[in-house]
Each structure stands twice: as C-alpha cells, then as structure tokens.
Amino acid sequence: MIRFATKSGGHTPGQQQRTGPGQEALAGLALVALPVALLLTLTLWPTVTMVVSTFLVDGQVNASRYVYFFSDAYSLANLRYTMEQGLVSALSALAISFGIALYLRFSAGRIATMIHALSLFPLFVPSIIISYALVRFLGPNGLFQLLLEQVGFTHYRTPYLTPVGPFLAFVWEALPLPVLVLSAGLTQVSDHAVEAARDLGAGPFRILWEVLLPQVRRSLLIAFALIFLGIIGAYTVPYMLGPAAPEMMGVFMQRTLGNLHDADAAQVQAVVLMVISSVVGGFYIATMLKSQGGER
Amino acid sequence: MLSRRHFLASSAALTLVAATGVSAQDKKTLQVFIDGDTNISGWWNDILKPKFEAANPGLTFNVTITRGVADGNGTIAARALAALQSKSDPQADYFEEIEPASVAGSIEAGLWEELTEANVANLKLVNPAAVETPIRMPYRGSQVLIAYDSAKVANPPKTFADLVAWAKANPGRFTYGRPDKGGSGSNFVVRAIHEGNGKDPSLFTKDNFDAAKAEEMLQKGWAILKDLHPFTFGEGTYPAGNTPALQLLAQGAVDMIPAWSDQALQALKQGVLPETVKLVQLQDLALCGGFAYSAIPSNATDLEGALALANFVLSPETQTSVVRDIGGFPGISWDNLPADLKAEYIDVIPVSIPTFPSGDWSKAKNDGWYKNVATNLTQGG
C-alpha cells in the first residue's frame with residue numbers, strides 16, 4: 001500500500017514544475033494519485049482489453065459475437081427483461097419513497113420517526129437475507145399465505161420464482177436512498193413558499209407539481225440513475241427469487257461463464273450491459289454537474 | 001490472539017504427541033486424504049476411525065482435509081507421483097475420492113496400486129455395475145430418485161411415462177430444479193433426454209459429441225419437457241437448485257420432485273422433510289447417479305495398512321454405515337448387506353445406474369434447456 005502510494009506520488013513533482021502550485025496542491029494530487037492509479041490499473045485497463053477482445057475472433061477484427069447476441073431471441077429476451085425489471089422496480093421505488101418523503105416533510109412526532117427508521121432499515125439488510133426472508137414469508141404456504149387463508153382468501157399465488165418476486169425485493173432494498181435524498185431536498189422548500197402558494201389559491205396537487213417537484217427534480221433523477229444501475233447489475237435477488245427464464249443479465253452472465261465456460265459470450269453480455277450502464281451513468285453525471293452549476 | 005507462551009506450550013505438546021506416535025511402534029498411522037464435503041470427512045473421523053482401530057489393532061489413520069486447497073486430492077496425488085519418480089516417501093496412503101485419469105501421467109507411471117480380490121478380499125462383494133478399472137475402488141454412491149409425499153400420492157410412478165401422466169393429472173404439484181444449478185434437476189432433464197432417445201444412455205458418450213447430431217437428439221428430450229412445462233409448479237418456474245426444490249417439497253408446495261438420494265435421506269433423518277415423504281426409483285430406466293472412487297498409491301508409505309483400510313471400507317459393516325449415516329448408496333451389492341437394510345430401501349435400489357457425459361454434452365443440455373424449455377416470456381415484469 002505505502003509503496004504503491006510513493007510510486008504513484010512520483011509523478012507529482014513534474015506537475016508541480018508545470019503549474020507551480022503550493023504544497024497544498026501537491027498533497028491533494030498525491031492523495032488523488034492512489035485512487036486514480038487503482039482505477040486505471042484495476043478497472044479501466046481490464047475493461048479496455050476486455051472490450052477489445054470481444055471484437056477479436058480468431059485474430060480477426062469482427063463484430064460477429066455482437067451480431068449473435070442481437071440476433072439471439074433468448075439473449076434479447078433476457079436483456080429486455082432486465083431493462084423492464086430495472087425500470088419498473090426503480091420507478092416504483094421512487095414513487096413510494098417520494099410518498100414517504102412527503103409524509104415525513106409535513107408531519108412530525110413518534111409515528112413519523114418510526115416510519116423514517118423503517119424506511120431506512122433495508123440499508124442494513126444484505127440482499128441474501130431479504131431474499132431468504134421473502135421466500136419464507138411470500139413463498140408457497142409461507143406466513144403471508146397462511147394469514148390470508150385465516151381471513152378466507154384462498155386464491156393466493158406466490159410471487160416466488162416469478163418476476164414479481166425480485167420486483168418486491170428490489171423495491172424494498174431501494175427505498176432508503178431516495179427517502180434520504182428526497183426528504184433532504186424537501187426540507188429545503190420553506191414553509192413560507194408552501195403557505196404563499198396556498199394563499200394564492202393553489203390546491204395540493206398544484207403545490208406538489210409547481211412548488212415541491214421542481215425542488216427535488218434533480219434528486220429524483222439522480223436517485224433513479226443509482227437505483228436503476230443497482231438493479232440491472234443485480235445477481236443474488238433475481239437468482240434466488242426470479243424465474244428460470246427469462247434471466248436477468250447478472251444471472252445470465254454468471255451462468256454463461258460459470259456453467260457454459262463461454263467467456264467470450266459472457267464478455268459480450270457484459271459489454272452490452274456496460275454500454276447501457278454508461279448511458280445512464282453519463283446522464284447521472286450530467287445531472288450532477290448541472291445541479292452543481294446551478295448552485296453557483 | 002494466541003500468546004507466544006501459549007503457542008510455544010502447545011507446539012511443544014504437539015511435538016510430544018508426534019514423538020510418541022513415532023516411538024510407539026505398535027501403532028501405525030495411515031495418511032488419508034479427503035476433499036469431499038464435511039459430512040464425509042466428519043463421518044470418517046467420528047464414525048469410521050474408532051471402528052477401524054477396533055477392527056485393526058496396531059493401525060489408525062489421520063484424515064487430512066484437502067477440500068478447497070489448490071486441486072484438493074489431485075495436488076497430493078501429483079506430489080505422490082513426484083515422490084514415486086524420485087523414490088522418496090509420498091507421505092500418503094489413501095485417497096478417499098480421486099479420479100486417477102485427472103492426475104496427468106500418473107496411470108502411465110504406475111502410481112496406482114491395482115486392487116484385486118487377492119489384496120482386498122472384500123472386492124468380491126462390490127456391485128458389478130460400479131466397477132470401472134482395478135485402480136479405482138467404488139465405495140459409496142448417490143443417485144437421483146423421485147421423492148414424493150405418500151399422503152398425497154397413492155400410487156408412486158414406476159416409469160417415466162407414469163411420472164409424466166401423474167404430473168399432468170396434478171397440475172402444479174411436480175417440479176424439478178434448473179439443470180445447471182444442481183444434479184437433481186440436471187439428472188431429471190437427462191432422464192427426459194434418455195426417454196426421448198429410446199431409453200438408451202449408451203448413445204451419449206464423452207467422445208461422440210457432435211453439435212448437429214446433439215441438437216437433433218436433445219430436441220427429443222425438449223419436446224417431452226416442453227409438454228410437461230405448463231403442468232409444473234408455477235406453470236414453469238423452476239427452483240434454483242437441489243435445496244430450493246427440497247424446500248418446496250418440505251413446505252408442501254409440491255408433492256413430487258427428483259432429489260439426490262443422500263440429500264433426501266439426510267433431510268428425512270433430520271426431520272427437514274416430513275416423514276410421509278418416500279423415495280422411489282424409476283424401474284424402466286433409473287435416473288443418473290454415480291460412485292465415489294477411492295485409490296491407493298503403489299508407493300504408499302504403508303501399503304499393507306492402506307490395503308487393510310480398503311478392505312475395511314468395503315466390509316458390510318462400513319457399507320451399512322454408508323447407508324445409515326451418510327445416506328449414500330453402498331459400493332458393494334445390496335445382496336451383501338443385511339436383509340433388513342435391503343428390505344427397508346427396496347424402492348430406491350436401482351437396477352442400473354446410468355450416467356451422462358460431462359463436458360460438451362452437459363453444456364448443450366444445460367443451455368438448450370434454458371432456450372427451449374424454460375423460456376417463459378408471457379409474464380410481465
């Protein structure tokens with residue numbers, strides 16, 4: 001660790017000569033050198049070589065592996081399912097957490113504190129635990145079904161091993177982040193602004209739409225990007241709760257590499273997912289930069 | 001944290017024990033290597049060891065667990081091969097489970113002792129279906145069979161056709177695991193492929209894989225499984241492994257699944273599965289299974305002792321313990337076991353133990369299943 005830091009710190013004197021900053025800037029560069037070096041060697045370099053290798057078939061440059069992926073109905077179904085699951089789960093999580101954040105903004109007291117704590121609770125539960133808990137609770141003849149049968153409802157169909165299973169787990173897991181971000185955003189809206197709007201005759205929906213939403217629009221976009229990226233790369237939840245087919249990309253990639261030992265196909269799947277993630281990631285960064293610019 | 005003084009004291013004690021072990025000439029310690037699961041290594045240490053010591057005065061063994069370390073027993077075997085070539089002590093006597101062919105050059109170099117009735121008398125008891133080559137000794141096995149809840153299923157299926165008929169008559173009450181996630185589902189899929197190809201496992205060998213031919217042969221299995229698909233649990237949602245399938249049976253969500261014999265028997269013994277669950281093997285063609293093979297290096301430190309251990313392992317007493325204590329199948333013929341044990345397990349005793357080649361065939365089977373059978377795109381996300 002220490003040797004690594006000194007090694008990458010070695011580049012900094014050159015920087016100093018060119019820009020001539022003080023000792024403070026030098027320390028800053030030294031601090032940032034290690035993470036940048038790690039990023040370059042452990043993430044960027046393997047990624048570039050991997051992407052290049054997907055275009056090399058028997059020493060020839062061609063895109064046949066991608067042609068196969070995008071003409072294979074099964075692969076496309078998995079990709080579409082992953083996107084659908086990501087969109088539906090992320091939007092649902094956002095809608096629910098926006099509701100919770102609104103409630104927390106306008107109420108106080110013991111119940112509000114409890115709801116706040118409950119909504120943050122998933123932050124501390126690993127996904128393998130929530131998966132097992134959902135199997136036991138929502139699974140066939142699980143607690144939920146038994147409770148429903150007690151009140152005479154006998155047509156329960158378990159979401160276990162259907163797309164609804166991972167959907168429930170994703171939404172539950174994703175709640176804390178947007179609740180934190182959105183309630184922080186909503187506290188910035190002053191009571192005066194809301195009261196002023198009300199005095200001018202605005203109804204609750206108009207207040208929501210024209211006063212509250214514009215304040216948290218960026219927070220919503222950022223939260224969406226983060227949740228969506230987390231879901232489309234998920235493995236444990238869809239593996240344990242989802243159907244055999246279609247597979248989410250994480251499960252599909254693992255099976256292609258681990259069971260079929262087809263590293264080339266798995267890499268192509270990874271690159272496709274990575275491109276989609278980069279688009280969403282780029283959108284996230286753009287939103288972040290814009291919000292920083294707005295503050296200045 | 002282990003203190004230095006503590007450490008020195010305990011290492012002194014260990015040295016003392018080792019010294020006594022060597023000095024006591026009447027007690028020889030055989031080195032046994034195991035890379036199987038804890039149920040196997042635990043069984044060797046806790047149950048087999050005292051019995052072996054009682055039956056063979058002057059002999060004992062030390063179990064070294066190689067599970068998860070490099071190539072497990074393969075690494076130790078490679079060391080024994082090197083010792084054979086340099087004529088030094090391999091410090092190994094017995095491999096609980098090993099595939100000699102996977103240790104490059106070991107067979108040609110004569111690393112493995114040929115085991116015959118002349119040096120291991122109990123080999124005459126061995127199940128002929130399990131014998132492959134004299135350097136590998138089959139001693140325990142497991143096989144996939146059909147587990148069903150006898151409270152719900154009056155007439156358990158005897159043939160594959162019976163099973164399909166039952167599943168169709170009872171929609172949603174049968175399921176099997178995804179073939180790549182566990183052997184129970186995998187070997188059920190194999191059984192369907194066998195069914196579609198004239199119930200002839202010999203059509204599938206390690207060396208006869210050909211993509212086009214395989215596609216044609218596998219399609220016959222897919223047709224059967226696609227037909228079964230809407231009648232399985234959740235209309236084609238398959239549990240992700242051996243244990244999830246057993247859980248569905250334990251929770252009463254389904255009444256019938258394919259399951260590994262040892263896992264099902266242990267689950268019954270531990271009360272994880274209700275006692276109304278019974279096991280049966282298909283009688284027209286059994287589901288796949290396999291044996292664990294032991295082997296002894298010809299340069300074993302104590303070859304005579306190792307052969308005595310092999311003979312002990314194949315004794316009816318130890319083989320009864322294979323069935324009773326680890327839920328495995330015996331390596332010797334059922335006829336050589338106590339009559340009451342055989343009577344108890346009569347429904348699961350196979351007439352044959354088919355196998356399916358790994359490698360290309362297995363990959364084509366797993367991937368083909370996902371693309372042809374499991375595809376279930378009607379449900380929305």
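The values are calculated or read from the model by the stated rules, or taken from the named source; none is laboratory data. Bear in mind the structure is a predicted one, so any value in this text is a computation, not a measurement. Glycine gets a Cβ as well: all are built from the backbone with ideal geometry, and neighbour counts include every protein chain shown. These accessible areas exclude ligands, DNA and RNA; they are computed on the full protein's heavy atoms, side chains included. Shrake-Rupley method; radii C 1.70, N 1.55, O 1.52, S 1.80 Å.
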Filter result (within 27 Å of the chain's Cα centre (by Cα) and more than 13 Å from chain A (Cβ to nearest Cβ)) within segment B:225-245: B:242
Filtered residues of segment B:293-319 (kept if more than 16 Å from the chain's Cα centre (by Cα) and polar (S, T, N, Q)): B:298, B:299, B:301, B:311, B:315, B:318
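Rundown of residues vs (1) away from every other protein chain (no Cβ under 14 Å); (2) assigned to a loop (DSSP other than H, G, I, E, B), yes/no style:
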site: B:304; (1), (2): yes, no
site: B:311; (1), (2): yes, no
site: B:342; (1), (2): yes, no
site: B:353; (1), (2): yes, yes
site: B:364; (1), (2): no, no
site: B:373; (1), (2): no, no
Residue check, residue A:108 assigned to a helix (DSSP H, G or I) and more than 14 Å from chain B (Cβ to nearest Cβ): no
Of the criteria (1) assigned to a helix (DSSP H, G or I); (2) more than 14 Å from chain A (Cβ to nearest Cβ); (3) more than 16 Å from residue B:164 (Cβ to Cβ), which one residue B:191 fails: (3)
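May I ask you to say which residue of A:174, A:244, A:266 is within 30 Å of residue A:129 (Cβ to Cβ) and under 19 Å from the mean Cα position of the chain (by Cα)? Reasoning before the result, please.
On the way: A:244 fails: under 19 Å from the mean Cα position of the chain (by Cα); A:266 fails: under 19 Å from the mean Cα position of the chain (by Cα).
Exactly one of A:174, A:244, A:266 is within 30 Å of residue A:129 (Cβ to Cβ) and under 19 Å from the mean Cα position of the chain (by Cα), namely A:174.
Check whether at least one residue in segment B:281-303 is under 30 Å from residue B:82 (Cβ atoms) and free of Cβ contacts under 8 Å to residues at least 24 places away in the same chain, and report yes or no.
Filtering segment B:281-303 down to residues under 30 Å from residue B:82 (Cβ atoms) leaves B:290-303.
With free of Cβ contacts under 8 Å to residues at least 24 places away in the same chain added as a condition, the list becomes none.
Scanning segment B:281-303 turns up no residue that is under 30 Å from residue B:82 (Cβ atoms) and free of Cβ contacts under 8 Å to residues at least 24 places away in the same chain.
Of all the helices (runs of 4 or more DSSP H) wholly in segment A:178-283, which have at least 2 residues that are within 14 Å of chain B (Cβ to nearest Cβ)? Before you say what the answer is, go through the steps one by one.
Numbers: elements: A:191-199, A:204-207, A:213-232, A:236-241, A:249-258.
Hits in segment A:178-283: A:213-232, A:236-241, A:249-258.
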Residue among B:226, B:199 that is part of a helix (DSSP H, G or I) and farther than 21 Å from residue B:359 by Cβ: B:226
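Taking segment A:32-63 on its own, how many of its residues are over 25 Å from the mean Cα position of the chain (by Cα) and either modelled with pLDDT of 95 or more or exposed (fewer than 12 other Cβ atoms within 10 Å of the Cβ) (or both)? Spell out the reasoning first.
Taking segment A:32-63 and keeping what is over 25 Å from the mean Cα position of the chain (by Cα), we get A:32-34, A:37, A:49, A:52-63.
Now drop any that are not either modelled with pLDDT of 95 or more or exposed (fewer than 12 other Cβ atoms within 10 Å of the Cβ) (or both), which leaves A:49, A:52, A:58-62.
Of the residues in that region, 7 qualify.
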Out of A:69, A:137, A:98, sole residue that is open to solvent by 40 Å² or more (accessible area, probe 1.4 Å) and not basic (Lys, Arg): A:137
Residue check, residue B:140 modelled with pLDDT under 95, away from chain A (no Cβ under 11 Å) and in contact with a Gly (Cβ under 6 Å, 6 or more places away or on another chain): yes
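Condition check ((1) touching a Leu at 6+ places or on another chain (Cβ under 7 Å); (2) farther than 22 Å from residue A:166 by Cα; (3) part of a loop (DSSP other than H, G, I, E, B)) across all residues:
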{"position": "A:74", "(1), (2), (3)": "no, no, no"}
{"position": "A:80", "(1), (2), (3)": "no, no, no"}
{"position": "A:86", "(1), (2), (3)": "no, no, no"}
{"position": "A:95", "(1), (2), (3)": "no, no, no"}
{"position": "A:98", "(1), (2), (3)": "yes, no, no"}
{"position": "A:101", "(1), (2), (3)": "yes, yes, no"}
{"position": "A:104", "(1), (2), (3)": "no, yes, no"}
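When you go through B:87, B:124 one by one, which is the residue that is loosely packed, with under 14 Cβ neighbours inside 10 Å, assigned to a helix (DSSP H, G or I) and of a type in the set (D, E, K, R)? Break it down into steps so the answer makes sense when it comes.
Values: B:87 fails: assigned to a helix (DSSP H, G or I).
Only one candidate qualifies: B:124.
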Unique residue being in a loop (DSSP other than H, G, I, E, B) and open to solvent by less than 40 Å² (accessible area, probe 1.4 Å) when the list is B:107, B:76, B:98: B:98
Subset tally (residues that are within 30 Å of the chain's Cα centre (by Cα) and either open to solvent by 40 Å² or more (accessible area, probe 1.4 Å) or hydroxyl-bearing (Ser, Thr, Tyr) (or both)) for segment B:167-180: 3
